[in-house]
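The values are calculated or read from the model by the stated rules, or taken from the named source; none is laboratory data. What you see is a predicted model; the values in this text were computed from it and never measured. Cβ sites come from the backbone with ideal geometry, for glycine too, and all protein chains shown count toward neighbours. We work out accessible area using only protein heavy atoms, side chains counted, and drop any ligands, DNA or RNA first. Shrake-Rupley method; radii C 1.70, N 1.55, O 1.52, S 1.80 Å.
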Amino acid sequence: MNHSRIFLGALAASACVLAGCNLTSTSTSSSSAADSVTIVLNTPTGKLPYVASFTQQGAQLATDEINKAGGISVGGKKYQVKLLALDNELSPTKSLDNVKRAVSEKAVAIIDDGYTVDATYQAAADAGLPIMIDYDTNAALVDATKRPNVYRIAPPNDAMAEHLAAYVGAKKLQLALVHDDSDYGQDGASHLRDAFSKAGFPLSPDVTIPSTGTGYSTQALQVKQSGATGVLLWGRAPSMAQFIKDYRGGGGTAPIFAGPNAEDPIVRTQNADHPEYIEGLTYASFRITTEVGPDPWNAFRKKYEDHNFNNGSADFKVGVQTKAKKDVVQPPDWQLFPYDMVYLVKGALEKSGSVETSGNKLITALNGVQIKSGNGDNRGWTKDNHEGVVDDDIYFATFTDMKFKPVQDDALSKSLPPIDQE
């Protein structure tokens, strides 16, 4: 891996994301605007730059591949793919405005972080526009019956809670639950309570932290003084990062088990001056490689790195170093989801035979399209199941020297190869 080019490219990508760039793809042909289809990326560019970055990078790679290969064939005509990236500011109102713009632009689909979908899915549904969630794991967001236009590729909270109850429960710890007050944090906490209660492990204390808070020393002290020998932590990445900082800084030593947001670089960068705070942090997430082995994932990573080097953006540099003073880079694991989504839209458009969303043509087609994921997995949805990550693909990773690796005391995790992050 050429780490110097990753470093230089990441600076450019991060600067653009943090500045809130309105990014659109560049077509590789001379097709007119009438010969293109638009996919909107509705993400919190300024609030959660990592999420906006991986969404843009994954979707752009798929878009450029499709366009280079000639585009999408619909009704005997070729269409190029265009991306329109909009900042939703984590605001339901702003997000709804973005969805209305997507409708006015005659977009064919929306790739969304998910945090504001409660406020937007109905407006999108009225226009026959599918929303595909690539980050928020709130189990309540996806319901094929009540929200037939909402899809997800990310591990749902209920599945991760059940796996955590089995994995952490076996450690016989006195567990405290800490979660933020966002819809995401509250949904995760609800499923954790249920799963651990069924497993015979009550969670106490049960502590809520404000998702907009800047410090949690009071709540951290409450957890420390409770005598808890383990902490379950669930919430948005910034609040998780700050709680870890305050809990460890206040002398809390109990092991911390978290959701997939622990992988967000902000958790490490906010604690970069005390890398020991992150050491041993364990989280549940989706397996990066699959049963077919690591070769498809490695091939995806290589073309991702080559592509981003060529167009001026590269792998997301975490902003921390190992003990040996080597830069840590973020592997493109979450980028798989928007990448796959673009290909699923391509397959659905070709199956439906139309670039119109009226009459739910695309939504109907999405319910039967299957593709080969960038990591070699089979990816797709059905009419009754709009989840793209199966429950059995949940694994656990732990941080060592600012890098994550599969834990060795869980059967699935132990079978997975480590991912290079230097």
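Couple of notes before you dig in:
- Label-to-label distance for Asn385 and Thr208 is 3.4 nm, based on points extended 7 Å past Cα in the beta-carbon direction.
- DSSP-defined beta bridges in the chain - what % are antiparallel, rounded to 5: 35 percent
- Cα→Cβ-extended label distance, 7 Å offset, between Thr229 and Thr364, nm: 5.9 nm
- For Thr38, net neighbour charge (Lys/Arg +1, Asp/Glu -1) across residues whose Cβ lies under 9 Å away: +1
- Proportion of all alpha-carbon pairs of the chain beyond 39 Å (%): 16 percent
- Size of electric dipole in the chain: Cβ of Lys, Arg +1 and of Asp, Glu -1, about Cα centre, debye, nearest 20: 560 debye
- Calculated FRET efficiency for the pair Thr269/Lys78, C-beta based, R₀ 30 Å, to 0.05: 0.10
- Within the range 238-390, percent of DSSP bridges classed antiparallel, to nearest 5: 75 percent
- Proximal aspartates and glutamates relative to Lys94, as straight alpha-carbon distance under 16 Å, when same-chain residues fewer than 8 apart are discounted: Asp112, Asp113, Asp118
- Cubic angstrom per residue, convex hull over Cα atoms of the range 238-300: 100 Å³
- Distance histogram for the range 235-372 (every C-alpha pair counted, 10 angstrom bins, percent rounded to whole numbers): 10, 28, 28, 21, 10, 3, 0
- Rolling a 1.4 Å probe over the protein heavy atoms gives the range 344-422 an accessible area of 44 Å² per residue.
- Debye equation applied to the C-alpha atoms of the range 172-270, log10 I(q)/I(0) at 0.14, 0.21, 0.22 Å⁻¹: -0.44, -1.04, -1.14
- In the chain, a dipole from Cβ-located charges (positive for Lys and Arg, negative for Asp and Glu) runs towards its positive end, and of Ser217, Leu83, Gly230 it is Leu83 whose Cα lies farthest in that direction.
- Under 12 Å, Cβ to Cβ, from Asp273 - net charge with Lys/Arg +1 and Asp/Glu -1: +2
- Helical contribution to [θ] at 222 nm, DSSP H n ≥ 4, -39,500 (n - 2.57), averaged over the chain, rounded to 500: -12000 deg cm²/dmol
- Our estimate of slack between Ala119 and Ser217, defined as 0.36 nm per intervening residue step minus the Cα-Cα distance, is 32.0 nm.
- Rounded to the nearest Hz, the phi-derived 3J(HN,Hα) couplings of the range 100-106 under the Karplus curve 6.51 cos²θ - 1.76 cosθ + 1.60 (θ = phi - 60°) are 4, 5, 4, 5, 5, 7, 6, where x marks glycine and proline.
- Interatomic Cα distance distribution for the range 321-422, bins of 10 angstrom, percent: 13, 33, 26, 17, 10, 1
- Dipole in debye (nearest 20) - the range 35-153, about Cα centre, beta carbon charges: Lys, Arg +1; Asp, Glu -1: 320 debye
- Charge-dipole axis of the chain as Lys and Arg at +1 and Asp and Glu at -1 on Cβ define it, positive-most pick from Trp381, Tyr135, Gln421: Gln421
- Gyration tensor over the Cα atoms of the range 99-162: the corresponding equivalent ellipsoid has semi-axes (square roots of 5 times the eigenvalues, largest first) of 22, 11, 9 Å.
- GNM flexibility winner over the chain from Ser204, Ser95, Ser239 (Cα, springs under 10 Å): Ser204
- DSSP-loop trypsin sites (Lys or Arg not before Pro) across the range 119-185, with at most 15 other Cβ within 10 angstrom: Lys146, Lys171, Lys172
- GNM result for the chain, Cα springs below 10 Å: residue of Gly259, Gly71, Gly251 fluctuating most strongly: Gly251
- Charge tally around Val74: other residues with Cβ under 12 Å, Lys/Arg +1 each, Asp/Glu -1 each, net +2.
- Most mobile listed residue (Ala324, Ala220, Ala140) in the chain, GNM with C-alpha springs under 10 Å: Ala324
- Net dipole in debye of the range 293-406 [+1 Lys, Arg Cβ; -1 Asp, Glu Cβ; about Cα centre; nearest 20]: 380 debye
- Our summary of shape: the Cα atoms of the range 366-422 have principal axis extents of 43, 24, 17 Å, ordered from largest down, in whole angstrom.
- Mean Cβ count within 10 Å, highest first, over the residues of peptides 60-67, 370-377, 128-135: 128-135, 60-67, 370-377
- Cα-Cα over 23 Å, subset of Lys106/Lys372; Lys100/Lys351; Lys68/Lys351; Lys100/Lys146; Lys106/Lys317; Lys303/Lys346: Lys106/Lys372; Lys100/Lys351; Lys106/Lys317
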